[in-house]
Amino acid sequence: MSVSAIAAPYAAMVIDARSGEVLHSRNADTRLHPASLTKMMTLYIVFEAVKNGEISLDTNVRISRNAASEPPSKLGLRAGQRIKLRYLIRAAAVKSANDAATALGEAIEGSEAKFARRMNRTARALGMSNTTFKNAHGLTENGHMSTARDMTTLGRHLLYDYPQYYNLFSRRSTHAGIKTVSNTNRRLLAAYRGADGIKTGYTRAAGFNLVASAERGSERVIATVFGGRSTASRNAKVAELLDLGFRRAPSRVALRKPSPPQYNDNGLRKAGKTVRVVTAVSKSLRPMLRPAHIEKPIAPAVAPVVVAETTPDATPPAPETTAIVATARTIEYDIQSALIEARGAAPVPETAVDEALDTPQVVTRLSTSGGRHWGINVGRYPSRYAAEKVLLKTALTEMSTLDGTLRKVVRGNRGFEANFVGMTRETADLACRRLQARQIACFTIGPS
């Protein structure tokens with residue numbers, strides 16, 4: 001059957017994935033029921049949330065009664081059960097499990113309704129102008145509609161925005177925590193050379209839908225079909241569309257990855273708790289010359305810390321800098337050397353942390369220009385040594401956001417506060433979210 005002979009209700013699109021060029025389309029902007037193609041957006045947002053530090057792959061998600069009661073296809077989750085996020089992702093991507101998709105939405109936003117609103121914000125940011133989501137799974141609901149063009153756009157973003165997860169869509173089967181599940185797209189994956197995803201969908205109202213991608217040599221095409229009459233006929237139509245795409249796609253073309261989503265509300269950032277720190281100086285004293293270095297024992301069996309200024313001039317420090325770095329009973333460390341040594345290494349053992357704490361370190365004072373007046377607090381501890389140890393362990397755990405910050409221990413009436421300072425507000429918020437996703441207590445601290 002030729003592409004042109006397919007009758008409505010039917011929609012299709014084929015693009016060159018490398019450039020985004022449309023190679024064929026028919027009824028591509030007709031709003032139709034997407035069915036489980038919806039889960040592509042659910043998974044895109046989950047990947048985004050993991051990247052932003054809102055949640056981690058190892059977070060144990062509690063299954064709600066609402067999620068457990070979703071109709072098939074389903075994983076078979078029970079209300080009150082706890083299961084790692086990574087298994088819910090596998091079940092939604094491979095088996096197209098409705099209970100897993102709902103559980104993912106509730107884990108990210110607290111409720112499926114809130115998650116649907118986030119799906120629509122993300123759709124707008126990706127340029128999916130004719131799509132409206134009402135749920136996380138794609139079961140038929142009034143107003144839950146999309147188009148072949150929009151779903152092709154979403155498939156391309158999944159491929160290029162989160163390539164580290166894309167292999168999920170080509171797995172013939174996978175273990176989803178409680179059982180092994182098979183891929184709903186396994187027939188096309190087995191039959192079409194170069195096919196490696198992406199997602200199937202079926203409801204009575206939608207028919208048989210599929211977004212498929214295939215790669216042959218340096219060429220990659222994405223094809224979308226809405227309204228197939230059966231699994232076999234849909235797969236045949238998709239194979240024909242992919243063949244058409246490979247015939248029309250140039251052998252060599254410059255890769256132009258899609259732009260990341262542009263959010264009008266500065267992304268979907270969830271800021272952590274913010275504590276305002278008063279840094280205004282009430283009394284300005286004549287600064288005294290400092291010695292070239294200061295040796296101050298931290299605790300028994302711990303080597304001294306050497307403090308060195310990065311500027312040789314004797315210009316009096318600015319009041320705000322004085323308030324941040326010249327507080328009595330405050331000790332600061334530079335973490336650069338520890339981070340450089342630890343990059344690319346396995347998780348750091350306790351003995352390595354102790355050795356790092358016992359090594360003299362040179363502190364480089366960070367400039368307070370450029371909005372780097374923020375920081376984060378990772379707890380209060382009974383001794384300075386305990387606070388320092390936690391700071392170093394945390395820095396080695398979360399290198400990507402804490403690299404370049406300053407470790408700072410502040411003694412108070414109730415113990416020793418462990419802080420990282422010299423951060424922008426955005427970096428502080430992101431670091432806290434990522435640490436909280438690892439179940440590490442954290443809150444941001446900011447200027448007055």
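Can you say whether VAL409 is touching a strand residue (DSSP E or B) at 6+ places or on another chain (Cβ under 6 Å), touching a residue at least 60 places away in the same chain (Cβ under 8 Å) and over 13 Å from HIS373 (Cβ atoms), as far as the supplied structure shows? Steps first, please.
Working: touching a strand residue (DSSP E or B) at 6+ places or on another chain (Cβ under 6 Å): yes; touching a residue at least 60 places away in the same chain (Cβ under 8 Å): yes; over 13 Å from HIS373 (Cβ atoms): yes.
It is true that VAL409 is touching a strand residue (DSSP E or B) at 6+ places or on another chain (Cβ under 6 Å), touching a residue at least 60 places away in the same chain (Cβ under 8 Å) and over 13 Å from HIS373 (Cβ atoms).
Out of curiosity, is GLU388 over 23 Å from ARG433 (Cβ atoms), surrounded by 18 or more Cβ atoms within 10 Å (Cβ to Cβ), assigned by TED's automatic domain parsing to the domain that holds ARG438 and not small (Gly, Ala, Ser)? Full working, then the answer.
On the way: over 23 Å from ARG433 (Cβ atoms): yes; surrounded by 18 or more Cβ atoms within 10 Å (Cβ to Cβ): yes; assigned by TED's automatic domain parsing to the domain that holds ARG438: yes; not small (Gly, Ala, Ser): yes.
Here the answer is yes, as GLU388 does meet what is asked.
Quick one: which residue in SER69, SER111, SER129 is under 30 Å from ARG256 (Cβ atoms) and either surrounded by fewer than 18 Cβ atoms within 10 Å (Cβ to Cβ) or in contact with a His (Cβ under 6 Å, 6 or more places away or on another chain) (or both)? I'd like the intermediate steps shown before the answer.
Working: SER69 fails: under 30 Å from ARG256 (Cβ atoms); SER111 fails: under 30 Å from ARG256 (Cβ atoms).
Answer to the check: SER129.
Any chance the stretch 405-413 includes a residue that's assigned to a helix (DSSP H, G or I) and either within 17 Å of GLY446 (Cβ to Cβ) or at pLDDT 90 or above (or both)? Spell out the reasoning first.
Within the stretch 405-413, the subset assigned to a helix (DSSP H, G or I) is none.
Taking every residue of the stretch 405-413 in turn, none turns out to be assigned to a helix (DSSP H, G or I) and either within 17 Å of GLY446 (Cβ to Cβ) or at pLDDT 90 or above (or both).
Search the stretch 245-255 for residues being in contact (Cβ under 8 Å) with a residue 60 or more places away in the chain and part of a helix (DSSP H, G or I), and hand back the single one that is surrounded by the fewest Cβ atoms within 10 Å (Cβ to Cβ). If you could, list the steps in order and put the result at the bottom.
Residues of the stretch 245-255 that are in contact (Cβ under 8 Å) with a residue 60 or more places away in the chain, as a first pass: 245, 248-250, 253-255.
Now narrow it down to the ones that are part of a helix (DSSP H, G or I): 245, 248.
Values: GLY245: 23, ARG248: 14.
For the stretch 245-255, the residue satisfying everything is ARG248.
Given the structure, is ALA386 assigned to a helix (DSSP H, G or I) and farther than 19 Å from ILE55 by Cβ? Walk me through it before giving the result.
Details: assigned to a helix (DSSP H, G or I): yes; farther than 19 Å from ILE55 by Cβ: yes.
Taking the combined requirement at face value, the residue satisfies it.
Go through the stretch 34-78 and report how many residues are over 22 Å from the mean Cα position of the chain (by Cα) and among the hydrophobic types (A, V, I, L, M, F, W, C).
So the count comes out to 5.
The values are calculated or read from the model by the stated rules, or taken from the named source; none is laboratory data. The structure presented is a predicted model; accordingly, all values stated were derived computationally and were not measured. Quick reminder, even Gly has a Cβ in these numbers, built from the backbone with ideal geometry, and neighbours come from all protein chains shown.
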